[in-house]
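*Asks:* Encoded as C-alpha cells, here's the structure I'll be asking about.
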Protein chains: 2
Amino acid sequence: VSVIGCALLHHPVKDREGKTVTSAVTNLDVHDIARSARTFGLARYYVVSPVEVQHVLVQRIIEHWTTGAGRRRIPARHEALTLVGSALSLQAAVADFTERCGQVPKLIATAARPPEGRELTTFGAFRQRLEGGEREAYLILFGTGHGLADWVLQAADVLLEPITGQGYNHLSVRAAAAIVFDRLLGQR
Amino acid sequence: VSVIGCALLHHPVKDREGKTVTSAVTNLDVHDIARSARTFGLARYYVVSPVEVQHVLVQRIIEHWTTGAGRRRIPARHEALTLVGSALSLQAAVADFTERCGQVPKLIATAARPPEGRELTTFGAFRQRLEGGEREAYLILFGTGHGLADWVLQAADVLLEPITGQGYNHLSVRAAAAIVFDRLLGQR
C-alpha cells in the first residue's frame, strides 16, 4: 500500500496576475484540509510557508486541538490535527516526509489551469496506480492564492488533470483538496 | 435536465449532544459553497438562518462580490455569489426555489451519521436518477454544527449515504458539499 501525504503551499504561488508571491496562512485551511486528509487516510499534511511567524500560528492551532481546550470540546478534531506539520519550504516538507516513510515521495501537483504542453494524468489513471499495490510514497501539492507557481507544476512527477464541472472552475483550495482525495481514495 | 439547488441550514441543526440549536453564519461557508455550487452547475444556493441580523451579513458578502470592490478585484467570484440567496427557513427556501423553477423541489438530505432505520440512497443511484432525463427539481440540504436535525433527515425525500473514507468521517460542511456535488455532477 502506498503512503500519501499532502502539502498546502503558501509559496511559491501565483497572484491573479501570475506573479510569484507568498500568501498568508488561513486558520480554516489548516482545519478543513486536516479533516479531509484524515477522512481519506492520508499520513501527513504539511502547511508550507517561508514566513517563520506563521508557523507559530499553525503550532497554536495544532496545540489547541491536540492538547488544549479544543481537544476536550471536540475530541474528533484532535485525530485530524495530529496529521498537521509545518514546513518552511517544499524541500523541508519532502525531507520530513521521506524520513517518516523511509522513501522519497513522488510529487503530485494539482492545478485549475495547467500550463500548456505539460502532460496531465487523469484521476482514474492515478487511482489505478495507487491501487496497483506497489509501495510508493506520494505528496500531493496544493497551492493557495491563484495556484502553484508554474515551475512547481513543471517539476512535479505527476500533474493531475483539473477538476471539471460545468465550465467554471474557481473552487476554493479546501473544496479542491476534498474532491481530489475523494476521487483518488474515496470508497466506490 | 433537472434543476438542482442547495441549502445550508443553520437551523434546525444538532449540537454535539444532539440537541437542536441554531448555529452562526460563517463568511467562508457562503463563499466556498457558492464557488463549489457554481463549478458544478447548481442553480441556487440558500443560506438558511432564522436570525434576521445574519441575513444582513449574507447580503453584505453578496453585494461586496457582485457589485462592490470585490467584483473588480476577483471578477470570477461574482459569478458564484450571484447564486446565493438567504432564507429565514427551509420552507422559505423551498418556496423561493419553487417559484424560480416552476416546480416543487424534492428534498435531498445529507448526513455523516444517518439515523437508524432510514433508507439511504447511494450516490451512484441518485446520479443515475439525475441523468435519467426527467425534469425534476432538487434541493440538496446540508447542516452546519453537528448536522441536520433528525426530523429533517426523516422528512427528506431522499437521504444520501454518508461519504466514507477510512473510518473517520468528520469532514467540514464545505468539504462535504464539494464532494457531494462532484459525486453527483462532476465529469467522469
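The values are calculated or read from the model by the stated rules, or taken from the named source; none is laboratory data. A quick note: this is a predicted structure, and the numbers were derived from the prediction, not measured. Positions of Cβ are backbone-derived with ideal geometry, glycine not excepted, and every protein chain shown enters the neighbour counts. Please note that ligands, DNA and RNA were not included when accessible areas were found on the heavy atoms of the full protein model with its side chains. Shrake-Rupley method; radii C 1.70, N 1.55, O 1.52, S 1.80 Å.
*Asks:* Estimate the FRET efficiency between A:E131 and B:Q187 by the formula 1/(1 + (r/R0)^6), using the beta-carbon distance for r and 25 Å for R0, to the nearest 0.05. Intermediate values should be presented prior to the final figure.
*Replies:* Numbers: r = 21 Å, r/R0 = 0.85.
About 0.75, to the nearest 0.05.
*Asks:* Next up: Gain in length, B:N27 to B:A95, computed as 0.36 nm per residue apart minus the alpha-carbon separation, to one decimal in nm?
*Replies:* 22.0 nm
*Asks:* Comparing the chain by itself with all protein chains present, which residues of segment A:173-188 are at least 50 Å² less accessible (probe 1.4 Å)?
*Replies:* A:R174, A:I179, A:D182, A:R183, A:Q187
*Asks:* Going by a ≥ b ≥ c, the root eigenvalues of the Cα gyration tensor, does segment B:37-85 fall in the rounded group (a/c under 1.5), the prolate group (a/b larger than b/c) or the oblate group? Let's see the in-between values first.
*Replies:* Numbers: a/c = 3.74, a/b = 1.22, b/c = 3.06.
It comes out oblate by the Cα gyration axes.
*Asks:* Run down the aspartates and glutamates and flag those whose C-alpha is under 17 Å from the C-alpha of A:K14, throwing out any fewer than 8 positions away in its chain.
*Replies:* Reachable aspartates and glutamates: A:E116, A:D150.
*Asks:* Run the numbers on segment A:49-75: which residues show a drop of 40 Å² or more in accessible area, chain on its own versus all protein chains together, using a 1.4 Å probe over heavy atoms?
*Replies:* Correct list: A:R73.
*Asks:* Let me ask another. For label points placed 7 Å from Cα toward Cβ, what is the shortest-first list of nm distances from A:P162 to its copies?
*Replies:* So the distances to the same position in the other copies read 3.5 nm.
*Asks:* Moving on to the next point. Kindly identify segment B:1-52 as rounded, prolate or oblate by the Cα gyration tensor criterion: order the square roots of the eigenvalues as a ≥ b ≥ c, call it rounded if a/c is under 1.5, otherwise compare a/b with b/c, prolate if a/b is larger, else oblate.
*Replies:* Details: a/c = 2.44, a/b = 1.97, b/c = 1.24.
Judged from the Cα gyration tensor, segment B:1-52 comes out prolate (a/c at least 1.5, a/b above b/c).
*Asks:* Another question about this same structure. Name the long-range amide H neighbours of B:G147: under 5 Å, sequence gap of 5 or more, or other chain; modelled H, no Pro or chain starts.
*Replies:* Placed amide hydrogens put B:K14 under 5 Å from B:G147.
*Asks:* Next question. With a 1.4 Å probe and all protein chains left in place, how much of the accessible area of the protein assembly as shown comes from carbon and sulfur atoms, in whole percent?
*Replies:* Details: 8130 of 16390 Å².
So the carbon and sulfur contribution to the accessible surface is 50 percent.
*Asks:* Can you list the copy-to-copy distances for A:R127, using a point 7 angstrom from Cα toward Cβ, in nanometres, shortest first?
*Replies:* 0.7
*Asks:* Please work out whether segment B:109-188 counts as rounded, prolate or oblate from its C-alpha gyration tensor, where a ≥ b ≥ c are the square roots of the eigenvalues and a/c under 1.5 means rounded, while otherwise a/b larger than b/c means prolate and anything else oblate?
*Replies:* Values: a/c = 1.71, a/b = 1.26, b/c = 1.36.
It is oblate, given that a/c is not under 1.5 and a/b is not larger than b/c.
*Asks:* Another one. Round to the nearest 10 and report in Å² the accessible area of A:D29, as given by a 1.4 Å probe over the protein chains' heavy atoms.
*Replies:* Looks like 10 Å² after rounding.
*Asks:* Just from its helices, what would the mean residue ellipticity at 222 nm be for chain A, if runs of 4 or more DSSP H residues each count -39500 (n - 2.57) and the sum is divided by every residue, rounded to the nearest 500 deg cm²/dmol? The partial results should precede the final answer.
*Replies:* Working: 8 runs with 80 residues, N = 188.
Estimated from H runs of four or more residues: -12500 deg cm²/dmol.
*Asks:* Let me check against my output: what whole-number percent is the relative contact order of chain B, with C-alpha pairs under 8 Å and at least 6 apart? Let's see the in-between values first.
*Replies:* Values: 342 pairs, mean separation 60.1, N = 188.
Relative CO of chain B lands at 32 percent.
*Asks:* Over chain A, average the accessible area per residue using a 1.4 Å probe and give it in Å², no decimals.
*Replies:* On the way: 8210 Å² over 188 residues.
For chain A, the per-residue accessible area is 44 Å².
*Asks:* Between A:G124, A:G143, A:G41, find the one with the highest GNM mean-square fluctuation for chain A; connect C-alpha pairs within less than 10 Å.
*Replies:* Between A:G124, A:G143, A:G41, it is A:G124 that shows the largest mean-square fluctuation.
*Asks:* Here's a follow-up. Long-range amide H contacts for B:G5: which residues qualify at under 5 Å (H placed 1.01 Å from N, peptide plane, sequence gap of 5 or more or a different chain)?
*Replies:* For B:G5, whose amide H was placed from the backbone, the distant partners under 5 Å are B:A43, B:Y138, B:L139, B:I140.
*Asks:* A further question follows. Looking only at B:A76, B:A178, B:A87, which one moves most when chain B is put into a Gaussian network model with springs between Cα atoms under 10 Å?
*Replies:* The residue with the greatest mean-square fluctuation here is B:A76.
*Asks:* Moving on to the next point. Which of the residues in segment B:143-166 show a loss of at least 40 Å² in accessible area from their chain by itself to the complete set of protein chains, at a probe of 1.4 Å?
*Replies:* SASA drop of 40 Å² or more in segment B:143-166: B:T164, B:G165, B:Q166.
*Asks:* What's the buried accessible area, both sides, between B and A using a 1.4 Å probe, rounded to 100 Å²? Present the calculation step by step, with values, prior to reporting the outcome.
*Replies:* Working: alone 9720 and 9730 Å², together 16390 Å².
Summing both sides, the interface buries roughly 3100 Å².
*Asks:* How large is the dipole of the protein assembly as shown about the Cα centre if only Lys and Arg carry +1 and Asp and Glu carry -1, each at its Cβ, rounded to the nearest 20 debye?
*Replies:* 280
*Asks:* Right, next: Rank these residues by their accessible area, most exposed first, probe 1.4 Å: B:E116, B:E161, B:E99. Present the calculation step by step, with values, prior to reporting the outcome.
*Replies:* Values: B:E116 180, B:E161 60, B:E99 160 Å².
Sorted descending by solvent-accessible area, the residues read B:E116, B:E99, B:E161.
*Asks:* Using the 7 Å Cα-to-Cβ label point, sort the distances from B:H64 to its equivalents in the other copies shortest first and give them in nm to one decimal.
*Replies:* 2.0
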